[in-house]
Amino acid sequence: MMEQLAIMNFLSDLQKNNNREWFINHKPTYQKALLDFEAILSRIISLVGIFDKEIVGLNPKACIFRIYRDVRFSNDKSPYKTHFGAFIAPGGRKNSEGGYYIHIAPGESMVAGGAWRPEPDHLKKIRRAIDYYHEEFLQIVGDKTFVQWFDNLSNEDRLVRLPAGFSADSPVANYLKLKALRSDIVSPITLFCLHILRNRWWKGAAQCTRLLSF
């Protein structure tokens, strides 16, 4: 419990003081919160590894995204992210194919599974597999346990028209418009407690594994 408190306290303070001077003066607090986040990820990796053997032994440090924002093309020049994020997948955060994402922030935390904006060639392969094996795909996303956790795949980023080469009569036509294959659990709680991660998210992540292995 103390791990989560340290993380949330730091991130809450950073939201109010998102500037370089404050961050430098509180660097030890950041480093402590980061170590706590690594410890949480280590436990999560162990739990997810029960049903996804590809991530067994994964180093949590390889999964964590940098806290420093790229502000070159942004109107918001705040130098730091106000959340901790990590991508649990073979190879860690540099994996471009698919995995499990965890996002911890004051007020709203999120976990997700799938492939977020994959490279064009990989996205084509995903769409072809969904179309060709549509019965199996629909069984996965229509499974009552999957729906219980995720409702459906995220519609946040999708094409207006069906991609070239696919029939409008396809039973998975709506899914073929997606630019990402992602399912989310969003929690509006301020403290993303470890017992919730243990008893809630990793069970939902087990359903994501079916999607990732499709």
Whether segment 1-131 is rounded, prolate or oblate, judged on the alpha carbon gyration tensor where a/c under 1.5 counts as rounded: oblate
Using 0.36 nm per residue of separation minus the Cα-Cα distance, give me the extension gain between residue 95 and residue 167 in nm, one decimal. 22.8 nm
Mean projected area in nm² (Cα convex hull; one quarter of hull surface) for segment 1-54: 4.5
Rounded to whole Å and sorted largest first, list the principal axis extents of the Cα atoms in segment 56-166. 45, 32, 29
Return the loop-located trypsin sites (Lys or Arg not before Pro) in segment 1-83 (DSSP other than H, G, I, E, B) with at most 12 other Cβ atoms within 10 Å of their own Cβ; answer none if there are none. 66, 72, 77
For segment 115-182, what D do you get in µm² per second when you plug the Kirkwood radius from alpha-carbon pairs into Stokes-Einstein at 10 °C and 1.306 mPa s? 128
Phi angles of segment 67-79, converted by Karplus (6.51 cos²θ - 1.76 cosθ + 1.60, θ = phi - 60°) into ³J(HN,Hα) in whole Hz with x for Gly and Pro, give 7, 7, 7, 8, 9, 4, 10, 10, 6, 8, 9, 4, x
When 145, 29, 82 are ordered from fewest to most other Cβ atoms inside 10 Å of their Cβ, what list results? 145, 29, 82
In the structure shown, do any of 16/53; 16/61; 77/125; 32/77; 16/179 have a Cα-Cα gap over 31 Å, and if so which? 16/53; 77/125; 16/179
Which aspartates and glutamates have a Cα less than 20 Å from the Cα of residue 81, not counting those fewer than 8 places away in the same chain? 3, 13, 21, 36, 38, 70, 108
Mind checking the full-extension length gain between residue 29 and residue 125? Use 0.36 nm per residue of separation minus the Cα-Cα distance, one decimal, nm. 30.2 nm
For segment 15-53, which chymotrypsin sites (Phe, Trp or Tyr not before Pro) are both in a DSSP coil and crowded by at most 16 other Cβ atoms within 10 Å? 51
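Every read-out reported here was derived from the displayed coordinates using simple, explicitly stated rules and does not represent laboratory data. Please read these numbers as outputs of a predicted model, since none were measured by experiment. FYI the Cβ positions are ideal-geometry reconstructions off the backbone, even for glycines, and counts take in every protein chain you see.
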